[in-house]
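Enquirer: Can you read through this structure? Questions will come right after.
The values are calculated or read from the model by the stated rules, or taken from the named source; none is laboratory data. Just so we're clear, the structure is a prediction, and the values are computed from it rather than from any experiment. Glycine gets a Cβ as well: all are built from the backbone with ideal geometry, and neighbour counts include every protein chain shown. We work out accessible area using only protein heavy atoms, side chains counted, and drop any ligands, DNA or RNA first. Shrake-Rupley method; radii C 1.70, N 1.55, O 1.52, S 1.80 Å.
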Amino acid sequence: MRNILFNVLRNNVFQQTIRKQQPINWTNSPCCTTRDISTHLYPLLAGHSKWANIRHIKAAKDGQKSALFSKIARQIRLAIQDGGSADPNLNTELKSVIEEALRKNMPMATIQNNLKKFTASKSQLKKYRQDVRYKQKVFMVCTIYTDNFAQLKMDMSTILRKGGGVQIDAGHLFEDFGLIQATVDKARMAAGESLEDRATEDAIESGAEDVEIMDNETGAVNFVCKPEGINGVRKALENKGYTVVNTEHIYTPLNTVTLSPEEKADYQKFVDKLKEIQGIEDIYDNIEIDDGDE
């Protein structure tokens, strides 16, 4: 039904806990169960095709390790900007970003330097989206956070011109949603209460559309919501005792295309060039990815 939706998280942050647990094969793991609540809350969304390619998109994106610390630094800056404080005790969003940075092995000294630098910064990061067509059949959505969009567009245009890409409007080719990855302390659950029932009830009350139990043992749960509802759902879940590990605004293609090995190699070089531009946060595309490519 929708199990393929959450198999995307095979390589997610829950496999990178501080205690270095062994990776779990989410595809075959019996602990992963999906509770579709959208048929009750959002009947028009039930069974929609947007879920079809999420596993590949998320797994492939999680595998892109280049410029990881630069991305985390931008997230720290945004958290300070949005939360109005550089003190993680007063800024829950910043606290979550710092915890994720530590899980991704960012040194504490680097985190502290970023906190000092961004506290003193007066410029504001803004979010942008740029759509690209690469060599006729590949369509891309680039999410951007920058305080100098004009310069970034110039840098991006140079790479597009040399690599065979053009800026277009691909909004009708993608759908987007919010993904919230969280854990719950099972010791706080009522005796005999299942994690699935607890998470489903909390999802409904918090405004999420779908919920997935990723690991019963660790209390790892994923929630899906509308993009504009990410912050609200996140805060509601935190108020219910969840620790939010990661939140993302993800784009999924309505249809995918297949590339030959040569085309994939050329495309990857093109993407690597784009990701060298400071401010490009994530890149989503409509390429079908085989299991061997993840």
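Enquirer: Looking at Ile98, Ile57, which one is at pLDDT 90 or above, touching a Pro at 6+ places or on another chain (Cβ under 9 Å) and under 23 Å from Gly178 (Cα atoms)? Steps first, please.
Expert: Details: Ile57 fails: at pLDDT 90 or above.
So the residue among Ile98, Ile57 that is at pLDDT 90 or above, touching a Pro at 6+ places or on another chain (Cβ under 9 Å) and under 23 Å from Gly178 (Cα atoms) is Ile98.
Enquirer: Would you be able to tell me the number of residues in segment 122-150 that are over 30 Å from Glu288 (Cβ atoms), surrounded by 13 or more Cβ atoms within 10 Å (Cβ to Cβ) and polar (S, T, N, Q)?
Expert: 2
Enquirer: Quick one: Met106 ticks every box in (1) open to solvent by 20 Å² or more (accessible area, probe 1.4 Å); (2) at pLDDT below 95; (3) aliphatic (A, V, I, L, M) except a single one, so which number is it?
Expert: Unmet condition: (1).
Enquirer: Shifting gears a bit: If the requirement is being in contact with a strand residue (DSSP E or B) (Cβ under 7 Å, 6 or more places away or on another chain), open to solvent by 50 Å² or more (accessible area, probe 1.4 Å), among the charged types (D, E, K, R) and farther than 23 Å from Val224 by Cα, which of these qualifies: Asp169, Asp155, Asp176?
Expert: Working: Asp155 fails: in contact with a strand residue (DSSP E or B) (Cβ under 7 Å, 6 or more places away or on another chain); Asp176 fails: farther than 23 Å from Val224 by Cα.
Of Asp169, Asp155, Asp176, the one residue that is in contact with a strand residue (DSSP E or B) (Cβ under 7 Å, 6 or more places away or on another chain), open to solvent by 50 Å² or more (accessible area, probe 1.4 Å), among the charged types (D, E, K, R) and farther than 23 Å from Val224 by Cα is Asp169.
Enquirer: Here is a follow-up. Can we say Leu90 is at pLDDT 85 or above, open to solvent by 70 Å² or more (accessible area, probe 1.4 Å) and part of a helix (DSSP H, G or I)? Step through it out loud before you land on a result.
Expert: Numbers: at pLDDT 85 or above: yes; open to solvent by 70 Å² or more (accessible area, probe 1.4 Å): yes; part of a helix (DSSP H, G or I): no.
Answer is no for this residue.
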